[in-house]
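Colleague: Please read through the structure below; I'll follow up with questions.
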Amino acid sequence: MSDAAIPSTRRRTADTPWRLFRRRFLRHRLAVTGLVMLCVLALLALLAPHLAPYAFDGQDLEIMGQPQPPSRAHLMGTDQLGRDAFTRVLYGARVSLAVGLASALLSTLLGTLVGSLAGYYRSAVDSVLMRLTDVVLCIPLLPLVILLSGMLRPNVTLLVAIIGILGWMGTARLVRGQFLSLREREFVEASRALGGSNNRIMFRHILPNALGPIIVATTLAVGSGIMLESALSFLGLGVQPPTPTWGNLLNYASQWLQNAPWLALFPGLMILITVLSVNFLGDGLRDALDPRS
């Protein structure tokens, strides 16, 4: 072997799936930017008790009665009750991001379970589960979530359960399609010939090969969960005050759009940045995990 051939051989052996994924992902600059922004937001949310200059329900009695504009003492101004807007936006990130992430994981778990059972067993199991999925898909999601939230007046845990349980259908269809394709592959037939159980074949052999689309779907579901939580809180049907979320901060700010627009600007901007970052990250993951890209 010549010396000129050695570097190319080493490059070929070094191109592991992880290296290929990382190289493809890093080429997507918007996805990298989205990941960095989400990491910064998550860090700010985790460190909110240490970064916030005031308590989230603390009041400055000297300036109560009228929202105050941004200043050195209050970077994002204050609301009518004298509460620091910057502090409340930081604490609102804790709830909004937690609801978005937890509801996305719950809906992905349910959708993956339903889709894997339907795609692997097919026949009667597939028919029953997919007809159930079609029925749930026919129900408008937002009105149903509003109805349940109005009846139950949910806390954070219950809100995660409502959003997660009503958002699994898209993932179920995606996973079913992946299982229908992968169950006919040679490695599945080999495992079946060696006496592998159905559970082992499904979750040890097929599911790892379907993780790419599932990860992308989970990422995009985080953005949907944040938007849905914000919509419910804006309508007064989500997490109730005084616990701040970006949605109920917008709900409160709607009364002051003419006189204190900064109260709506900052939480709205945080929602916009977060959802855009999640969507950019999902696009980058899709391109990096798709071998045909």
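Colleague: Return a yes/no flag: does the range 218-233 have any residue that is assigned to a helix (DSSP H, G or I), touching a residue at least 12 places away in the same chain (Cβ under 8 Å) and within 17 Å of Leu117 (Cβ to Cβ).
Modeller: Keep residues of the range 218-233 that are assigned to a helix (DSSP H, G or I), which gives 218-233.
Still in the list and also touching a residue at least 12 places away in the same chain (Cβ under 8 Å): 218-233.
Keeping just the survivors that are within 17 Å of Leu117 (Cβ to Cβ) gives none.
No, that holds for no residue.
Colleague: Here is a further query. Just to verify a result, which residue in the range 69-103, among those that are in contact (Cβ under 8 Å) with a residue 24 or more places away in the chain and among the polar types (S, T, N, Q), is most open to solvent (accessible area, probe 1.4 Å)?
Modeller: Taking the range 69-103 first, the residues in contact (Cβ under 8 Å) with a residue 24 or more places away in the chain are 69-70, 76-77, 79-80, 83-103.
Okay, now just the ones that are also among the polar types (S, T, N, Q), so 80, 87, 96, 103.
On the way: Gln80: 63, Thr87: 0, Ser96: 0, Ser103: 3 Å².
Looking at residues that are in contact (Cβ under 8 Å) with a residue 24 or more places away in the chain and among the polar types (S, T, N, Q), I get Gln80.
Colleague: Now, a different point. Could you grab me the full set of residues in the range 178-199 that are under 22 Å from Ala217 (Cβ atoms) and open to solvent by 60 Å² or more (accessible area, probe 1.4 Å)?
Modeller: Ser181, Arg185
Colleague: Please find, among Tyr120, Tyr54, the residue that is aromatic (Phe, Trp, Tyr) and open to solvent by 50 Å² or more (accessible area, probe 1.4 Å).
Modeller: Tyr54
Colleague: Can I ask one more? List every residue pair whose Cβ atoms lie under 9 Å apart, where the two residues are 6 or more positions apart in sequence or sit on different chains, the first residue falls within the range 250-278 and is open to solvent by 80 Å² or more (accessible area, probe 1.4 Å), and the second residue, located anywhere, is of a type in the set (S, T, N, Q).
Modeller: Partner pairs satisfying both residue conditions: Gln255/Gln80; Asn259/Gln66.
Colleague: Something else about it: Suppose we filter Leu113, Leu35, Leu47, Leu132 for residues that are open to solvent by 20 Å² or more (accessible area, probe 1.4 Å) and in contact with a helix residue (DSSP H, G or I) (Cβ under 6 Å, 6 or more places away or on another chain); which single one remains?
Modeller: Working: Leu113 fails: in contact with a helix residue (DSSP H, G or I) (Cβ under 6 Å, 6 or more places away or on another chain); Leu47 fails: in contact with a helix residue (DSSP H, G or I) (Cβ under 6 Å, 6 or more places away or on another chain); Leu132 fails: in contact with a helix residue (DSSP H, G or I) (Cβ under 6 Å, 6 or more places away or on another chain).
Within the list Leu113, Leu35, Leu47, Leu132, the selection yields Leu35.
Colleague: Which residues, taken from the range 200-214, are part of a helix (DSSP H, G or I) and open to solvent by less than 60 Å² (accessible area, probe 1.4 Å)? Even if it seems obvious, please write down each step before you answer.
Modeller: So in the range 200-214, the residues part of a helix (DSSP H, G or I) come out as 200-209, 211-214.
The answer is Ile201, Met202, His205, Ile206, Leu207, Gly212, Pro213, Ile214.
The values are calculated or read from the model by the stated rules, or taken from the named source; none is laboratory data. In this text, all values refer to a predicted model and were calculated from it rather than measured experimentally. Here Cβ is always computed from backbone atoms with ideal geometry, including for glycine, and neighbour counts include all displayed protein chains. These accessible areas exclude ligands, DNA and RNA; they are computed on the full protein's heavy atoms, side chains included. Shrake-Rupley method; radii C 1.70, N 1.55, O 1.52, S 1.80 Å.
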